[in-house]
Each structure stands twice: as structure tokens, then as C-alpha cells.
2 protein chains.
Amino acid sequence: MSDVTGTASPRLPGLSATLVFKLGTLGTVATDRFTRALETFDLGLKPKHIGLLVALGAGAATSQQELAARMGVAPSLVVSLADHLEELQAVRRVRDPQDRRRQVLTLTDEGRRLLDRCETASRDLDADLTAELTDAQRAALGEALQLLADRVGLP
Amino acid sequence: MSDVTGTASPRLPGLSATLVFKLGTLGTVATDRFTRALETFDLGLKPKHIGLLVALGAGAATSQQELAARMGVAPSLVVSLADHLEELQAVRRVRDPQDRRRQVLTLTDEGRRLLDRCETASRDLDADLTAELTDAQRAALGEALQLLADRVGLP
DNA sequence: CGGATATCGTTCAGTGATCGAATGAAGCGG
DNA sequence: CCGCTTCATTCGATCACTGAACGATATCCG
């Protein structure tokens, strides 16, 4: 009966039914939980630190500029993240002999251990988060999110 | 010698294959895009403002404390968000006659219009984001995300 | 009734994350 | 050699957000 025009009252679906909205809110929740998990390590690390390690683990040794570009943050932020990670021996900072302006970052064994701990923690969070999903749903979700990530050009 | 495709260890999947990681990164992207869309409105609004409108639209008139609890932010933040939205005539602030300490917020028609604009913008972002998904995937994704949202107690 | 206590909204100062501009060292083109 | 660019770093500024203090109101209990 109601609106043939179709514009008046799409109030039931609503903004909160859109993907961007759900992704935004769930993303915050996910990041919060991961942040709390990180805090239990008691190393003063934030998600961005781990993001740096991940961006580093992907390819070979990388300059800080390159890292900043990959992560979408200011180069000056990479400095402080790398400072902290270097103190923890998770990364090594070496001047590139071919171009002595560049600081080449590489992942150390300690950094790999740290990444493993994060992976374990993340899997635990995943399990808790998806407790009410079927295996098929879990798989479909992971697949779909991966497609979105590819679409926007992420790791 | 050590890498290449031989390692059957759980190193290949990696942290970036976990849901929390994907949700975190995609959540940031989604929020960034929504933020940019909001900026085109040129009303000085941030996602949190819209979050307040959504939290408000859900139920009836609500006190600021209640809103703060729902949104998981400090009551003092609700003050400034509501200040801005009130200037834009998107919400009305009225002292509760039953309890004159409480400021009761209600969504105005202007606020509803604003929400509609946001919904339209979000649907556009959704369409772009999921351009490479099949309809079935899109549906499954929305469903799964809704289950996660329910699981963690979100709108 | 009346004083102690709790609650609501508001203000304000402080903190943390992030950025942008300025700086200095190093490379590069002519 | 000399300007021009690029890299890392430092530093000051900004923005969102919080927590503590405050005043006004409400509620409880003797």
C-alpha cells in the first residue's frame, strides 16, 4: 500500500544496515579488543606497531618512506614506531650502504616471535567473535573480507 | 633457503589472515571513506555525530548519560556532539520535567533528513566497496557482520 | 522536615596520537 | 662544484577524547 515513489520511509533498513556502518563499528570493536590483548604483553605496543611489523614482514627489507606509504601514515610517525620496536629488538635499523639517506628496516627473530604471539591472540579473538557462526559462514566471511581488502588495495 | 613455498608451518596464513585484523583495517578504511563523504556536507560533522543520531533514532527520547553509555564514550563528549547537532537543528534538547537534571534529546525532522543523506552516501560507498562481490556474497557478508554485531552487543 | 548523598550535564585542563613544516645529511644532474 | 631533490628526524601544533571538579537537582533516611 504505502509509497509507490519508494523514497519516503525506508526507515526500517536504516543507516545501521549498511556495510560501511557495520564495518566501521565492528572495526572499532576489533581494534579495541586487539589493543587490550596487546596491553597484556606489557611492551607498550599499539596496533600501529604491529601494523608496521606486518607491512615489514610482507616484503623484504624496506625504507621508512616506503613503510609510511604502505601504512598510509606520515613518515614522522614511522620514526617513533620504529624507535620503539628497535628498543624491543623487534626490528633492526641499518643505513643502506647504496644510499646512506635510507634507513633499512628488517624484521628480527624477536620481531617474528612477537608477530606469532599476535597471531595467536588474534585467532583467539576470532574464535570468540565468531562463536555463533557456522563454519561455512566463517569461511564466507573471511573470503568476502579478503575481496574487500584486495579491492581497496590492502596487504 | 628458508622461505619459498615449502614451509608447511602455520607461517603462511599469518596475522593478516585473521578476522580481527581484516575487520580492523577495513573498519578504518570504511570510516575514512564515510568521514570524507561527511565532509562534502560541509557541516563540520564527524562519524561520532552520526553515531549519536543513530543511537538516538533507535529508541525514544534519551538522556545524554544514556547516550554516552550506548555509544561507549564519556558523557562530556556527548555534550559537545549534542551542542553541534543542536546548532544544526538536527536534535532538540529539552529538560525533562520529571527530572530536571536530565537533558532529553530528540531527533528533529532536520536530523532525520541528515540521517537519510548519510544513508544514501553509505549505500553508495557499499556499492563501490562490494563491486566485485556476487549478490550472494554481499548478502552473506551483511548477515555475518550482523551476527558479529549482535554478538558484541551493538545497535 | 532537613541534611547527607547520589546523579546529571557542563566546563576545563590534560593526554595521546597524528600531522606538517623546518632541519640536516646525503645523493644526483649538469 | 652547485642547485635541487629525497630521506630521516625533530619539533610544535592540532584534534579527539578523557577524567576530575562544579553546580544544580533529585533521593534517601533519620
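The values are calculated or read from the model by the stated rules, or taken from the named source; none is laboratory data. Please read these numbers as outputs of a predicted model, since none were measured by experiment. Cβ sites come from the backbone with ideal geometry, for glycine too, and all protein chains shown count toward neighbours. Surface areas here come from the heavy atoms of the whole protein model, side chains and all, with no ligands, DNA or RNA. Shrake-Rupley method; radii C 1.70, N 1.55, O 1.52, S 1.80 Å.
Using the crude model of +1 on Lys and Arg Cβ and -1 on Asp and Glu Cβ, and no other charge, please compute the dipole size for the stretch B:44-155 relative to its Cα centre, in debye to 20. Write out the running numbers ahead of the final one.
Values: 15 positive and 17 negative charges, 126 e Å.
The calculation lands at about 600 debye.
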Practice problem: Kindly provide the pair-distance distribution of the stretch B:95-155 built from C-alpha pairs, with 10 Å bins from 0 and whole-percent values in order of increasing distance. | Solution: 18, 25, 31, 16, 8, 2
Practice problem: Output the relative contact order of chain A, whole-number percent, from Cα pairs under 8 angstrom with separation of 6+ residues. | Solution: 17 percent
Quiz item: Along the stretch B:30-45, what does the Karplus equation 6.51 cos²θ - 1.76 cosθ + 1.60 (θ = phi - 60°) give for ³J(HN,Hα), rounded to whole Hz, x for Gly and Pro?
Solution: 4, 5, 4, 5, 5, 4, 5, 4, 4, 4, 5, 6, 6, 10, x, 9
Practice problem: Distances from B:ASP96 to the same position in the other copies: list them in nm, one decimal, shortest first, using label points 7 Å from Cα along Cα→Cβ. | Solution: 6.2
Quiz item: Given the C-alpha centroids of the stretch B:18-76 and the stretch A:77-127, what is the distance between them in whole angstrom?
Solution: 32 Å
Quiz item: Any idea of the total accessible area buried by the B-A contact, 1.4 Å probe, rounded to 100 Å²?
Solution: 4800 Å²
Quiz item: Given a Förster radius of 30 Å and the C-beta distance between A:SER76 and B:ASP124 as r, what FRET efficiency does 1/(1 + (r/R0)^6) yield to the nearest 0.05?
Solution: 0.35
Quiz item: Can you give the angle from 0 to 90° between the axis of helix B:109-129 and the longest principal axis of chain B, with both taken from C-alpha atoms, to the nearest 10?
Solution: 10 degrees
Self-check item: P(r) histogram, all alpha-carbon pairs of the stretch B:44-151 included - 5 Å bins from 0, percent
Solution: 2, 11, 19, 20, 16, 12, 10, 6, 3, 1, 0
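Packing-wise, with mean Cβ within 10 Å as the measure, how do B:26-37, A:62-73, A:94-105, B:86-97 rank, highest first? Let's see the in-between values first.
Details: B:26-37: 19.6, A:62-73: 17.2, A:94-105: 12.8, B:86-97: 14.7.
With the highest mean Cβ count within 10 Å placed first, the list reads B:26-37, A:62-73, B:86-97, A:94-105.
Determine the shielding of peptide A:32-43 by partner chains: average, over its residues, the number of Cβ atoms on other chains within 10 angstrom of each Cβ.
Details: counts 3, 4, 6, 1, 0, 1, 0, 0, 0, 0, 0, 0.
Mean number of neighbouring Cβ atoms from other chains: 1.
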Quiz item: So what is the calculated 222 nm ellipticity per residue for chain B, using -39500 (n - 2.57) for each DSSP H run with n of 4 or more, over all residues, to the nearest 500 deg cm²/dmol?
Solution: -20000 deg cm²/dmol
Exercise. With θ set to phi - 60°, apply the Karplus curve 6.51 cos²θ - 1.76 cosθ + 1.60 along the stretch B:91-107 and write out the HN-Hα couplings as whole Hz, x wherever there is a Gly or Pro.
Key: 9, 10, 10, 10, 5, 5, x, 6, 8, 6, 6, 7, 9, 9, 9, 10, 7
Quiz item: Shortest first and in nm to one decimal, what separations exist between B:GLU110 and its copies in the other chains, measuring from label points 7 Å along the Cα-to-beta-carbon line?
Solution: 5.7
Self-check item: Paramagnetic reach from A:GLN65 in the stretch A:76-100 [backbone N under 17 Å; point 7 Å along Cα→Cβ]
Solution: A:76-79, A:94-100
Exercise. Would you mind telling me which residue in B:THR108, B:THR134, B:THR40 has the biggest mean-square fluctuation in a Gaussian network model of chain B, where springs connect alpha carbons within a distance under 10 angstrom?
Key: B:THR134
Self-check item: Förster-model FRET efficiency, 51 Å R0, A:THR134 and B:THR40, C-beta, rounded to 0.05
Solution: 0.80
Exercise. Mind checking A:121-133 for the average number of partner chain beta-carbons within 10 Å of each residue's beta-carbon?
Key: 5
Quiz item: When the Karplus curve 6.51 cos²θ - 1.76 cosθ + 1.60 is applied with θ = phi - 60°, which whole-Hz ³J(HN,Hα) does each residue of the stretch A:141-155 get, with x for Gly and Pro?
Solution: 4, x, 4, 4, 5, 5, 4, 4, 4, 4, 3, 9, x, 10, x
Quiz item: Build a GNM of chain B with springs between Cα atoms under 10 Å: which of B:LEU115, B:LEU52, B:LEU141 gets the top mean-square fluctuation?
Solution: B:LEU141
Quiz item: Any idea how far apart B:THR106 and B:GLU86 come out in nm if each label point goes 7 Å out from Cα toward Cβ?
Solution: 1.5 nm
